[in-house]
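The values are calculated or read from the model by the stated rules, or taken from the named source; none is laboratory data. None of these values were measured; they are calculated from a predicted model. Positions of Cβ are backbone-derived with ideal geometry, glycine not excepted, and every protein chain shown enters the neighbour counts. Side chains included, ligands, DNA and RNA excluded: accessible areas come from the protein's heavy atoms. Shrake-Rupley method; radii C 1.70, N 1.55, O 1.52, S 1.80 Å.
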Amino acid sequence: MTSVTSEETMRTDYTSRLKDHGGLIALAVILVFNIIVTPNFLQTQTLAVNISQVATIAIVAMGMTLVIATGGIDLSVGAVMALSGALAPLIFLSDFGQAYPVLGLIAALLFPLAAALVCGLFNGIIVSVLKVQPIIATLILFISGRGIAQVLTNGNLQTFSNPEFSYLGTGKILGFPFQGWLALAIACLLFWVVNRTIFGRYLLAIGGNERAARLAGGPVRRVKIGAYVICSVLSGLAGLIVVAINSASDAARNGNLMELDAIAAAVVGGALLQGGKAPIFGAILGAVIIQLVKYTLLANGVEDEVALIAKAAIILAAVYIQQARKE
C-alpha cells in the first residue's frame with residue numbers, strides 16, 4: 001500500500017514538473033530537432049536572423065503580458081505598429097527632416113512613440129473608465145489604426161535610405177542584432193517594475209481580484225491605463241524596428257497578425273488569461289518558441305500558412321496546460 005502511494009506521489013511530482021517547465025521542455029525539443037534535421041541551424045548567421053526576428057515579437061509580447069496580467073487583452077498592437085511605422089518615414093523624409101536631419105531623426109523616433117502612447121491611453125480609458133470589454137475596446141483601433149496608417153501614406157510603400165534610422169533594425173553590438181539587446185534591456189526593466197514597484201504589485205492584484213484591489217484603495221484605473229500605455233508604446237517601438245530592418249514602410253503589412261504572435265508568446269510563456277501573473281522572461285521564452293516553430297517549418301520547406309496552424313496548436317496546448325494547473 002505504501003509502495004503504491006509512493007509511486008503515485010512520484011508520478012504526480014513528475015507530471016507537475018512537466019507542466020511547470022513545459023515551455024523549456026518544448027524549447028529543448030525544438031532545438032534538438034533543428035540541430036538534427038535543419039541544415040546550417042548552428043551557424044552564427046542563423047542565430048542572428050532568429051534574434052532579429054524574435055526581438056519584435058518579444059517586445060510586443062512583454063507589453064501584452066502586462067495587459068493580460070490585468071485580465072485584459074490588446075488586439076490593436078499590430079495596428080499600432082503599422083501607425084508608428086508609417087509616421088517615421090513621413091517625418092524624416094519631410095522638408096523639415098531633410099533640412100534638419102538630426103532633429104528630423106529625433107522627431108521620427110519620438111513622435112511615433114508619442115502617437116502609440118495616445119493609442120494606449122485611448123484603449124486604457126475605454127477599458128478602465130467606460131468599462132468596455134477589452135476585446136471590444138481594442139477592436140476599435142484594430143480596425144481603424146491600420147486604416148489611419150494607410151490614409152497617411154496614401155496606401156503607398158515608403159522606401160528610404162537612412163543609415164542612422166536603420167541602425168535600429170540592422171545595427172549590431174558584439175556581433176548580435178541591436179534589437180536583441182534592446183529587448184533584453186526592456187525585459188530587465190519590466191521585470192523590475194513588476195516585482196519591485198507598487199505599480200507591479202497592483203498590476204498583479206488587479207488581475208487576481210480587481211474588486212479586492214479597489215476596496216484596498218488601489219489605483220485600479222491608473223494601473224490598467226498604464227498597462228495599456230506600456231503595451232502600446234512597446235508596439236510602436238516594434239513597428240519602428242520592423243521599418244528600420246526593411247528600410248521601407250508598408251502600412252498594409254507592418255505588424256500584420258502580430259496580435260496573434262504576441263498573445264501566443266505571452267500564453268506560452270506562462271501568462272494566465274484570467275490575469276494575476278506577469279512572467280516577463282516567460283514572454284521572451286514564448287516568443288523564442290513561436291519564432292523557432294515558424295523558422296523550423298520554413299527552413300524545412302513547409303508552407304507559411306501551415307505555421308498559422310502550428311501557432312494555433314501551440315496556444316491550444318498552452319491553454320490546456322493552464323487549465324490542468326488550475327485543477
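Brief remarks follow.
- Segment 87-112, subset open to solvent by 10 Å² or more (accessible area, probe 1.4 Å) and among the small types (Gly, Ala, Ser), residue farthest from residue 240 (Cα to Cα): 99
- Selection of first residues in segment 22-42 that are open to solvent by 80 Å² or more (accessible area, probe 1.4 Å) and of second residues that are part of a helix (DSSP H, G or I), restricted to Cβ pairs under 9 Å at least 6 apart or on distinct chains, gives the following pairs, ordered by first then second residue: 24/285; 33/296; 39/299; 40/46; 40/299; 42/34; 42/35.
- Residues satisfying the stated conditions in segment 147-181, i.e. open to solvent by 90 Å² or more (accessible area, probe 1.4 Å), touching a residue at least 60 places away in the same chain (Cβ under 8 Å) and hydrophobic (A, V, I, L, M, F, W, C): 157
- Selection of first residues in segment 79-102 that are closer than 21 Å to residue 142 by Cβ and of second residues that are of a type in the set (Ser, Thr, Tyr), restricted to Cβ pairs under 6 Å at least 6 apart or on distinct chains, gives the following pairs, ordered by first then second residue: 80/232; 80/235; 81/235; 85/249; 86/153; 86/249.
- Here the condition is being farther than 29 Å from residue 152 by Cβ and in contact with a helix residue (DSSP H, G or I) (Cβ under 8 Å, 6 or more places away or on another chain); of 273, 316, 234, 260, it holds for 273 alone.
- Subset of segment 267-281 [surrounded by fewer than 22 Cβ atoms within 10 Å (Cβ to Cβ) and assigned to a helix (DSSP H, G or I)]: 281
- Filtered by the rule that a residue be closer than 14 Å to residue 236 by Cα and either free of Cβ contacts under 8 Å to residues at least 60 places away in the same chain or surrounded by fewer than 19 Cβ atoms within 10 Å (Cβ to Cβ) (or both), segment 114-138 gives 114, 117, 118, 121.
- Residue selected from segment 210-230 under the condition at pLDDT 90 or above and among the charged types (D, E, K, R), by the criterion most open to solvent (accessible area, probe 1.4 Å): 222
- Test: residue in segment 204-223 that is under 27 Å from residue 112 (Cβ atoms) and in contact with a Ser or Thr (Cβ under 6 Å, 6 or more places away or on another chain): yes
- Only one entry of 243, 233 meets the criterion of being in contact (Cβ under 8 Å) with a residue 12 or more places away in the chain, open to solvent by 10 Å² or more (accessible area, probe 1.4 Å) and in a helix (DSSP H, G or I), and that entry is 233.
- Hey, residue 84 surrounded by fewer than 23 Cβ atoms within 10 Å (Cβ to Cβ) and not aromatic (Phe, Trp, Tyr) or not: no
- For residue 253: the one exception among (1) assigned to a loop (DSSP other than H, G, I, E, B); (2) buried (at least 22 other Cβ atoms within 10 Å of the Cβ): (2)
- Residue ID - farthest from residue 266 (Cα to Cα), chosen from residues in segment 64-81 that are surrounded by 24 or more Cβ atoms within 10 Å (Cβ to Cβ) and touching a Phe, Trp or Tyr at 6+ places or on another chain (Cβ under 8 Å): 79
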